[in-house]
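Peer 1: Next up is a structure, given as structure tokens.
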Amino acid sequence: MTKNDNGVSRSRALAAKVVFAALNAIKDNNRELPQRQVFLEVEQKVHLDEWAGARYEKTGNVRWQTVLHFYSIDCVKAGYIIKKSGIWYLTPEGEEAVKLGEMGLFTAANAAYKQWKLKNQSLADVTESDETDVEVPTQDEGLTVERAEAMALEGIKQFINAKNPYEFQDLAAALLRGMSYYTPFIAPRGKDGGVDIIAYRDPLGTVSPRIKIQIKHRGIAATVQEIRQLMGILQKDGDVGIFISTGGFTPDAKATARSSHVHVELIDLERFISLWQEFYNKLSDEDKSLLPLLPIYFVVPGAIA
């Protein structure tokens, strides 16, 4: 493997750049970012030469993306990032590690990974993966599952994003029914008075909470003004607001919901998908057909035969 003037292999140098850029991107976005957005941010911030952007002949995967997937495992094992439901979260330890710079962060994460590996496997299994180019990752069995989950999540997102606002509104109502709520009101086309769905715990709405749901199915984040509009219609005791936004929420919108004297629950696209997966088996067959899922089972990484 070709090395630079500092004696660092080309793959290792690329890994240090993209991992550092990824953690900085998460840090700059309130310490959480969807995986897809992480990769978009890295692509914008890092100069990627022809070699880094080339595709592997066997798999067709882009080199720098594979390298980032591969070495992000080090950061997970080091406790620098947490990956959950397609979202990458930066931990306080990760925020401190970013201060080490590109190679310092990379070296610390790699060392932490090797310590984790030593505790879970024999010394002979701990290899110097950076001595060769990265094509088929073998550093962690969990990478295969991780990438499969990421691909599945991306497919679900594309399916949802292809729906029009009224179709997504029906999808949200179906989820609520799967969570044992009644949905007596689903707004027809036209003005809705700020409420797209009303949900109750019982058929007549005599039991709290009475839930008023606002939905924004679009590619931009919901604003603090929109959150306040929902808060303004929660006038009765027992009223709870839910704001579902497939474009996410601005930091100010999140802060406003957290500090509100009335309960406003925020659900972005990733959380919506997670809830749909969680309650899928409780949906009616008709509601399942709005977003049908097929479970696939993997052997738990690291399981002993």
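Peer 1: In percent, what relative contact order does the chain have, based on Cα pairs under 8 Å that are 6 or more apart in sequence?
Peer 2: Relative CO of the chain lands at 13 percent.
Peer 1: Same structure again: Just subtract the alpha-carbon distance of GLU167 and ARG55 from 0.36 nm times their residue separation and send over the number in nm, one decimal.
Peer 2: 36.6 nm
Peer 1: Further question on the same structure: Which percent of the accessible area of the chain is formed by carbon and sulfur heavy atoms (probe 1.4 angstrom)?
Peer 2: 52
Peer 1: Cut-off 10 angstrom, C-alpha nodes, Gaussian network model of the chain. Which of THR59, THR107, THR246 fluctuates the most?
Peer 2: Answer for the Gaussian network model of the chain: THR59.
Peer 1: Something else: Nearest 500 deg cm²/dmol is fine: what mean residue ellipticity at 222 nm does the chain get from its DSSP H runs of n ≥ 4 alone, each adding -39,500 (n - 2.57), divided by its residue count?
Peer 2: Details: 12 runs with 144 residues, N = 305.
Theoretical 222 nm ellipticity from helices: -14500 deg cm²/dmol.
Peer 1: Taking the alpha-carbon distance from LYS212 and a cut-off under 17 Å, which lysines remain once sequence neighbours fewer than 8 residues away in the same chain are dropped?
Peer 2: Here the lysines satisfying the reach criterion relative to LYS212 are LYS191, LYS236.
Peer 1: Shifting gears a bit: Under the Karplus relation 6.51 cos²θ - 1.76 cosθ + 1.60, θ = phi - 60°, what is the ordered set of whole-Hz ³J(HN,Hα) values for region 102-112, x standing for Gly and Pro?
Peer 2: Taking θ as phi minus 60°, the curve returns 3, 6, x, 4, 4, 5, 5, 5, 5, 5, 5 Hz for region 102-112.
Peer 1: Calculate the dipole size of the chain relative to its Cα centre from +1 charges on Lys and Arg beta carbons and -1 charges on Asp and Glu beta carbons; express the result in debye to the nearest 20.
Peer 2: 620
Peer 1: Once you have all Cα-Cα distances for region 177-305, histogram them in 5 Å bins from zero and send the whole-percent values.
Peer 2: 2, 9, 16, 19, 20, 14, 8, 5, 3, 2, 1, 0
Peer 1: Contact order normalised by length for region 183-230, with contacts defined as Cα pairs under 8 Å and 6 or more residues apart; what percent is it?
Peer 2: 29
Peer 1: Let me know the Kirkwood hydrodynamic radius for the chain, please, with Cα pairs as the basis and the value in Å to one decimal.
Peer 2: 21.7
The values are calculated or read from the model by the stated rules, or taken from the named source; none is laboratory data. Note that the structure is a prediction, hence the values are computed from the model and not measured. Backbone-built Cβ (ideal geometry, glycine too); neighbour counts: all protein chains shown. Side chains are part of the model used for accessible areas, which takes the heavy atoms of the whole protein and leaves out ligands, DNA and RNA. Shrake-Rupley method; radii C 1.70, N 1.55, O 1.52, S 1.80 Å.
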